[in-house]
Each structure stands twice: as structure tokens, then as C-alpha cells.
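Just below is one structure, and these are the notes that go with it.
The values are calculated or read from the model by the stated rules, or taken from the named source; none is laboratory data. Worth saying up front: this structure is predicted, and the values here are computed from it rather than measured. Backbone-built Cβ (ideal geometry, glycine too); neighbour counts: all protein chains shown.
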Amino acid sequence: MLALLVPSLAWAQFQGSERPQGDSTLVLSLEDALKIALSENASVKVADMEVQRLQYARKGTYAALFPQVNGTGSYQRTIKKQVMYMGGGDDSGSGSSSSMFDGILAPIEWYLEQLIAQHPGKIQPYVPEPTPEDDNSGGIAVGRLNTWSAGISASMPLVNAQLWESISLSADQVELAVEKARESRLGTVTSVKQAYYAVLLAKEAFEVYKQVYENAVENYRSTESKYNVQKASELDLTRAKSNVAAAVPNVYNAESSILLALWQLKAVMGLELETEIDVVGSLDDYAETMFRDVTEGADASLEHNSSLRQLDMQAEQLAKTVRMQQYAYIPSLSLSFAYSFNAMTDNFKFSEYRWTPYSYVGVSLSIPIFSGGQRYYTIKQTRVQASELEIQRKNTERQLRIGIKQSLQTMDTAMKTYDSAKDAVGTAQKAYDIAAKSYKLGKSTITDLNNTELTLTQTRLQAAQAIYNFVVAKAGLEQTLGYDFTEEK
């Protein structure tokens, strides 16, 4: 008797009306499940974050239009000073190579002598060690040991067509990311619907096998009563007992299918597997809309299909890429500015440093002339990619239209199957009721009763399977057509 009661007790946990007060089980409708999935699903979160990342990248490209300002600072220690040679000495040994410059160098020599006199110790004559080749060589060491510099520089483009086109291209990349995020939502919605429908199918199968089990128990009790008053044979009693034993595993398997379907639903929704959930409704709730949905899907359009939209966006991006690469032939103009302070000393007495300002502003024009054909072949490569993308788009559209026809055909077949199975269920139920009454009156055998029950079970499962096939095919069709759950349309 305990073995007979276990399936009935297990069924209670899936009945909302029988759920005890204070139970933390989360009961969801299909709309609730979709809303949770669109906020908790991992793929949707990643897609939305990718959109945010590209939006930041787009804002970063606008920074190239503004001045780029940098601070600079440097210190340089001179190891060996530069030497300037003056006078009529000839290091080459000819003795006449500098004679032509004597008139020019004489004022410079006089000026340097004055500097040495005014700044004793600041500028030291450089006296190299005598060499066998020239014992009279000499020069003046120029510069200081420490050189300090600090300042600020800025630059910005004035005319740069290639940069402007790249900014427009970054905006298209954001739009493409948004469409990919939409595709992720569409896929999540389809997965949640299919998982939700799988739970309803498992519940329907559980209900069918539970009814078979209850009928088997009732028939066993009736047969046992007949057997006790010697109105039924031991063979009938054994068959009735075996029917009960055969019905128990089906109930357990159906119960396990419900648990697995609920776990799958939690996984696609992004919920923790420890969360207790249940769903409301039944497959019969969707049977009323089957005929209308097939009619509305007859004139399907791919205007909102996410895959084709992405291919169109990629084609537009390649067209802009070609233009950007062509703009590389156009000259560019930029503005630059710098302001700095310099100090040169032979010591580290910072308070005595004399800082000399230095600044400039300029305009730079860059004219591309020759690159060895690099720009030319880069454009050719991008145009080949555009041709490949066009072929891929045509093939994708062809496959999508085939998928639409398959979905519509599956929906039409499921609709016809359900229409036939629904009538068969009514007939099978009537036949079983007649056989059950006849068996109780002793006018039919338990074999006849089992046959009618088997037919009733098969027809009920066929009707449920037909509805499931229809709604699953419809969910796939909606994804192909790009029907977004978050959009009112």
C-alpha cells in the first residue's frame, strides 16, 4: 500500500493549490520567466556589457579631434663637452685649408675671447693632449655639464578625412553591438519558451500516467473484490496486480522528467539551481491560438531578422572602411604648439639657475606620395571582403526562408495532428468508460479494459505532443522573424 501511495504523494508537490502556506517556491508564468531571463541570463548580461564597452570606445575616438596636451621634463648630464676649433691651424697637416676662412673667423675669435674674459671659469679652452701628428691643435669646449628642461606641448588635427570617417565607423560598431545584444535576447527568449513548454509537456505526461496508475489501482481493487467472492479468476487478479506494478515506473519517470525540465528552465533563466520554482498553466491553454497563429505566419517577412540585419550593418561598415582607406590619399593638416623652460649649469645650485623660455606654434602638412602600393592593395582586400559578405548574405537569407517554411509546415502538421487526436481522445475515453462498466458487470475481460486504456493513454499523449510541437516550432519561427519580447509589436 505504501508503494501505491508514493506516486500520489509525489504529485502533490507540483500542484499549486496543494502547496502548503509559507512555501518559498517561486511560481512563474511564461511572461514572468521571460522577464527574469532577460535580466539574469548570462549571455544577455555579456551582450549588454559589450554594447557599453563599444560606447566607451566610440567616445574615445572623439578624443582624437581635441588637442592632445602633454607635459614634458628632462635632465641631461654631459659626459664630454663639444669642442669648437678656431684659428689658422690645419689639422690635416696641409697648413692652408683654413686660410680662406680667416676673414670670417677673426670676428668670431674676438667675440669668444671677450666671452672668456667676461666669464672667467665658465668657458674653458679645450687643450687636447699633443699627438705625434699635430702638437699645436686646440679648441674651445662649449656647453654645460647639467641641462634641465620642462614644458608643455599640444597638437591637434585640423584636416584629416581618414580620422573623420573612422569616427563614423565607430558609431556603426556600436549599432552592430546593439543588434548582437538583441539577437542574444531573442535566443534567450526562445530557449526560455522551449524550456517552459517542456515543463508543461512533462506535467501533462505525468498527469496521463498518474491517471493510468489510478485506473490500475481501481481495477485491481475491483478485481480483488470479485476474486474474493469467486467472480473473477486468479489470472484476472494477477493481471490487475501486474498493471499496477507496470504503472508505477512510468509515474516515477514522469516525475523525474518534471524535475529535469525545471532545472533546465532555471539554467536558461539564469537562476540558481537550488531555487525552488514551478510554472502555471497547461498545454491546453495554447491550443486555442493554434489556428490563428498559422494563418498570421503565412506572410512571414525577414525584415526584422537579426542575422540579416547584422550582415547589412557589416556591409555598410565595409563600405565606410573602403572610403576611409581611400581618404588615406588625401593630405592631412595638423596644428602643434610647445612652451618650455631650459637651464644649463655646471652645478646643482637650483636657486641660481637661469631659466630661459622657449616656445613655438606651427602647422604641419602631410602629403602622401608613395607607399609601395600598400594603400591600393588594402582597398582591394576590403572590396573582396564585401563581395564575400554579399554571397554570405544571400545564402543566409535562403536558409532562413527554408527554416520559415519548415516551421510553418511543422505548425500545420501539429495543428492537424492535434485536431485528430482531440477527437480520438473523446472517443477513447468513451470506449474506456464503457469497458470499465462492462468489466464491473462481468460482461468483458480485463484484457479488453487494458486495451481501451492503452488507446486512451496514447491519444492523450499524442494530443499533448502535438501542442508541444506547435508551440516549440512557433517559438523558433518568432526568433527567425525577429519578434522581440520587449517590443510592443
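Observations on the model:
- Close pairs from the stretch 251-266: first within 16 Å of A33 (Cα to Cα), partner surrounded by fewer than 17 Cβ atoms within 10 Å (Cβ to Cβ), Cβ under 7 Å, at least 6 apart: W263/L273; K266/L273; K266/T275
- Qualifying residue in the stretch 265-280 (condition: more than 25 Å from R185 (Cβ to Cβ), surrounded by 13 or more Cβ atoms within 10 Å (Cβ to Cβ), touching a Phe, Trp or Tyr at 6+ places or on another chain (Cβ under 9 Å) and of a type in the set (A, V, I, L, M, F, W, C)): no
- Qualifying residue in the stretch 10-23 (condition: surrounded by 13 or more Cβ atoms within 10 Å (Cβ to Cβ), modelled with pLDDT of 80 or more and either in a helix (DSSP H, G or I) or among the hydroxyl-bearing types (S, T, Y) (or both)): no
- Here L65, L34, L4 are screened, and the one residue that is modelled with pLDDT of 85 or more and surrounded by 14 or more Cβ atoms within 10 Å (Cβ to Cβ) is L34.
- Scanning the stretch 348-383 for residues that are free of Cβ contacts under 8 Å to residues at least 12 places away in the same chain and of a type outside the set (S, T, Y) yields K349, F350, E352, R354, I369, F370, G372, G373, Q374, K380, Q381.
- Against the test of being touching a helix residue (DSSP H, G or I) at 6+ places or on another chain (Cβ under 8 Å), acidic (D, E) and not in a loop (DSSP other than H, G, I, E, B), the options E397, E388 yield a single qualifying residue, E397.
- Qualifying residues in the stretch 255-291 (those that are in a loop (DSSP other than H, G, I, E, B) and touching a helix residue (DSSP H, G or I) at 6+ places or on another chain (Cβ under 7 Å)) - the one farthest from T410 (Cα to Cα): T275
- Scanning the stretch 24-45 for residues that are part of a helix (DSSP H, G or I), touching a helix residue (DSSP H, G or I) at 6+ places or on another chain (Cβ under 8 Å) and closer than 21 Å to K180 by Cα yields L34, I36, A37, L38, E40, S43, V44.
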